[in-house]
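Undergrad: Mind having a look at this structure? Questions to follow.
The values are calculated or read from the model by the stated rules, or taken from the named source; none is laboratory data. The model shown is predicted, which means the values in this text are computed figures rather than measured ones. Every residue, glycine as well, gets a Cβ built from its backbone with ideal geometry; the counts of neighbours run over all protein chains shown.
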Amino acid sequence: MNRTRLGIASLLLASSSPALADTLIDNVRGTTIGANGEVETFTGLMFDNAGTIIRLIRAGDKKPKPRKEYQYHVDGKGRVMLPGMIDAHAHVMGMGLAALSLDLSETTSLAQALEKIRSFTAENPKRPWIIGRGWNQETWQLGRFPTAAELDAVTGNRPVWLERVDGHAGWANTAALKAAGVTAAVKDPAGGKVERNADGSPQGVLVDSAMELVSASLPTPRAEDRDFAFATAQQILFKRGVTAVADMGTSIEDWQAFRRAGDANKLYVRVMAYAAGNEQMTLIGGPGPSPWLYADRLRLNGVKLYLDGALGSRGAWLKAPYADAPATSGLPQLTETQLGNLMSRSAMDNFQIAIHAIGDKGNAAAIGAIEDLADTYKGDRRWRIEHAQIVDPKDFARFGKHGVIASMQPVHQTSDRTMAEARLGPDRLAGAYPWKSLQAAGAKLAFGSDAPVEQADPWAGFAAAITRQGPDGQPAGGWQPQERVDRVTAFAAYTSNAAYAGFAEKRFGRLGPGLRADFILVDTDPMTASPEQIRATKVLETWVGGGLVWSVEPPASP
């Protein structure tokens, strides 16, 4: 985001609180998911001075009277109004920090990436470490991981640490390996792998838990860095129409940044936080989930647990070996016993549990743990499985039990398609990114982006969900097209279902009386537009709690 846009957005944020008093916004083409799960349309809405919706105005309704029923009026100019989009799985601080560091996500070759790294290193001579993310050896068609020697050629003796696009592998140069004490004598930690040369020396890439061997030596972001990163992340989200987000992997430092923003009246996006493991959960929440804070803008819901790694770095836990690497079936981060113990510890204090599971073995283990605990920990638990990318069709039906939420990211399917084919082989593709099958089994779908792994773009995700095609329209007819979902399902997964997944359905996620006035004005109706038009959706205005927080137009002069 350029400085001009950031400055405009900051002005809008500064003017967004308090909300307008008893305001009518009409002349809109409004669409929302209703309380019954069906699509509802309306032509306007009214909200009070607390930013809570009083009434939806539908076609044929008697128009409210000015000064008697409302004090302020906004003409929607015939634009499309939708509930604010909800990203059901993202990494908020990671998104902001990534925007402020070296970004390799658009590189298409190793040579292009190295040139970008060379330029960034030269342009930032005072940075003690060069830190970034976004590389993908699959996109580069490299056929292997990159090496420390290749980084050395463009970075010299300054340590460099670059996370893979999925956050499940890191690429270090020799200076970084030396600074972290990673030598041939270092053993692979449980749940991790150090890629090695023939003589056993580290090659430069560390996978999953092995990443900590280097990341523990990185400079710690200052509180000011986190505050700026969070402010940056909010603007990224608002520009794309996202008004609420499930933050997957919140640390105590992240939580304190959210709290500082709230205390300073600079917290506008709604954050449903899931702590990065049980230790962070206890540090943040103590005896249980936090209350909703700052007018429903922040809550610690529960905990995020990692069961396996990612498919791209071959860390996802599979039932059978990888088709393109038959010596491994992945890198489980926990045993099934450890997972059950951690879940039990969290559930006894009523924390909601979100389990990262990508491989079919990982998903089966996650479902098994839920089945084991469900009879002990009764009530409205809303067990979540994050990603659920590869599921054995034999396990589909198990997702329908115990109210399991499948928190999935449609853009992963379009990004990963060819890589998934190579990793799995043809026999396991029937269980790859199985949105419709899990929905048919009774799971509730909540969609997100996994930003900064992917862009926090619900419009790209919406189009992918209904087509199973990438932005290039490929493959013709969609990849595994039987797993496409309809528009209503996709719309709900980015709004009402995503709110439900975070115990927020009585606060936001739809537009209706008693709910927060979180809405967007856009130039495209996703319920009727073509997939290409949906991908190109332009967000014109974003409102949170009845306050304008982002506009494509600059603010009016005072």
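Undergrad: Inspect the stretch 415-429 for any residue being part of a loop (DSSP other than H, G, I, E, B) and at pLDDT 95 or above and give the result as yes or no.
TA: First, the residues of the stretch 415-429 that are part of a loop (DSSP other than H, G, I, E, B): 425.
Next, only the ones that are at pLDDT 95 or above stay: 425.
Scanning the stretch 415-429 turns up at least one residue that is part of a loop (DSSP other than H, G, I, E, B) and at pLDDT 95 or above.
Undergrad: Among the residues that make up the stretch 473-482, is at least one of them surrounded by 19 or more Cβ atoms within 10 Å (Cβ to Cβ), more than 22 Å from ARG58 (Cβ to Cβ) and under 20 Å from the mean Cα position of the chain (by Cα)?
TA: For the stretch 473-482, residues surrounded by 19 or more Cβ atoms within 10 Å (Cβ to Cβ), more than 22 Å from ARG58 (Cβ to Cβ) and under 20 Å from the mean Cα position of the chain (by Cα): absent.
Yes/no matrix, rows are residues, columns are (1) closer than 21 Å to ASP486 by Cβ; (2) not aromatic (Phe, Trp, Tyr):
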| residue | (1), (2) |
| --- | --- |
| LYS394 | no, yes |
| GLY400 | yes, yes |
| HIS412 | yes, yes |
| ARG423 | no, yes |
| ASP427 | no, yes |
| TYR433 | yes, no |
| ALA441 | yes, yes |
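Undergrad: Take MET419 and decide whether it is in contact with a strand residue (DSSP E or B) (Cβ under 9 Å, 6 or more places away or on another chain) and not hydroxyl-bearing (Ser, Thr, Tyr). Working first, answer last.
TA: Values: in contact with a strand residue (DSSP E or B) (Cβ under 9 Å, 6 or more places away or on another chain): no; not hydroxyl-bearing (Ser, Thr, Tyr): yes.
It is false that MET419 is in contact with a strand residue (DSSP E or B) (Cβ under 9 Å, 6 or more places away or on another chain) and not hydroxyl-bearing (Ser, Thr, Tyr).
Undergrad: Looking for something within 12 Å of GLY204 (Cα to Cα), more than 32 Å from the chain's Cα centre (by Cα) and surrounded by fewer than 21 Cβ atoms within 10 Å (Cβ to Cβ) - is there at least one such residue anywhere in the stretch 155-170?
TA: No, the stretch 155-170 has no match at all.
Undergrad: Exactly one of (1) surrounded by fewer than 23 Cβ atoms within 10 Å (Cβ to Cβ); (2) touching a residue at least 12 places away in the same chain (Cβ under 8 Å); (3) within 17 Å of TRP129 (Cα to Cα) is unmet by ALA190. Its number?
TA: Among (1) surrounded by fewer than 23 Cβ atoms within 10 Å (Cβ to Cβ); (2) touching a residue at least 12 places away in the same chain (Cβ under 8 Å); (3) within 17 Å of TRP129 (Cα to Cα), ALA190 violates only (3).
Undergrad: Show the residue pairs that are 6+ apart or on different chains and have beta-carbon atoms under 6 Å apart, the first residue being within the stretch 458-485 and on the phi > 0 side of the Ramachandran plot, the second being in a helix (DSSP H, G or I).
TA: Hits for this filter: ARG468/PRO481; GLY478/THR467.
Undergrad: Quick check, is GLY545 over 28 Å from ALA231 (Cβ atoms), of a type outside the set (Asp, Glu) and more than 20 Å from the chain's Cα centre (by Cα)?
TA: Considered against the rule, which asks whether it is over 28 Å from ALA231 (Cβ atoms), of a type outside the set (Asp, Glu) and more than 20 Å from the chain's Cα centre (by Cα), GLY545 comes out as no.
Undergrad: Can you pull out every residue in the stretch 207-253 that is farther than 21 Å from SER313 by Cβ, part of a loop (DSSP other than H, G, I, E, B) and of a type outside the set (S, T, N, Q)? Step through it out loud before you land on a result.
TA: Within the stretch 207-253, the subset farther than 21 Å from SER313 by Cβ is 219-247, 250-253.
Right, trim to part of a loop (DSSP other than H, G, I, E, B) and you get 219-222, 240-241, 251.
PRO219, PRO221, ARG222, ARG240, GLY241, listed by residue number.
Undergrad: Still on this model: Take the stretch 289-328 and flag every residue that is of a type in the set (Ser, Thr, Tyr) and out of contact with any strand residue (DSSP E or B) (no Cβ under 8 Å at 6 or more places or on another chain).
TA: As a first pass, look at the stretch 289-328 and keep what is of a type in the set (Ser, Thr, Tyr): 290, 294, 306, 313, 322, 328.
Those that are of a type in the set (Ser, Thr, Tyr) and out of contact with any strand residue (DSSP E or B) (no Cβ under 8 Å at 6 or more places or on another chain): TYR294, TYR322.
Undergrad: Further question on the same structure: Answer yes if at least one residue in the stretch 253-274 is farther than 30 Å from THR52 by Cα, crowded, with 23+ Cβ neighbours inside 10 Å and at pLDDT 95 or above, and no otherwise. Write out each step before concluding.
TA: To start, the set of residues in the stretch 253-274 that are farther than 30 Å from THR52 by Cα comprises 253.
Those left that are additionally crowded, with 23+ Cβ neighbours inside 10 Å: none.
Checked the stretch 253-274: no residue is farther than 30 Å from THR52 by Cα, crowded, with 23+ Cβ neighbours inside 10 Å and at pLDDT 95 or above.
Undergrad: Out of all the residues in the stretch 215-237, which are under 23 Å from the mean Cα position of the chain (by Cα), more than 26 Å from THR542 (Cα to Cα) and hydrophobic (A, V, I, L, M, F, W, C)?
TA: Result: ALA223, single match.
Undergrad: Mind checking which residues of the stretch 200-239 are more than 19 Å from ALA172 (Cβ to Cβ), in contact with a strand residue (DSSP E or B) (Cβ under 8 Å, 6 or more places away or on another chain) and surrounded by fewer than 22 Cβ atoms within 10 Å (Cβ to Cβ)?
TA: Within the stretch 200-239, LYS239 is the sole residue that qualifies.
Undergrad: Taking the options ARG516, ARG507, name whichever one is of a type in the set (D, E, K, R), in contact (Cβ under 8 Å) with a residue 60 or more places away in the chain and crowded, with 24+ Cβ neighbours inside 10 Å.
TA: On the way: ARG507 fails: crowded, with 24+ Cβ neighbours inside 10 Å.
After ruling out the rest, the residue left standing is ARG516.
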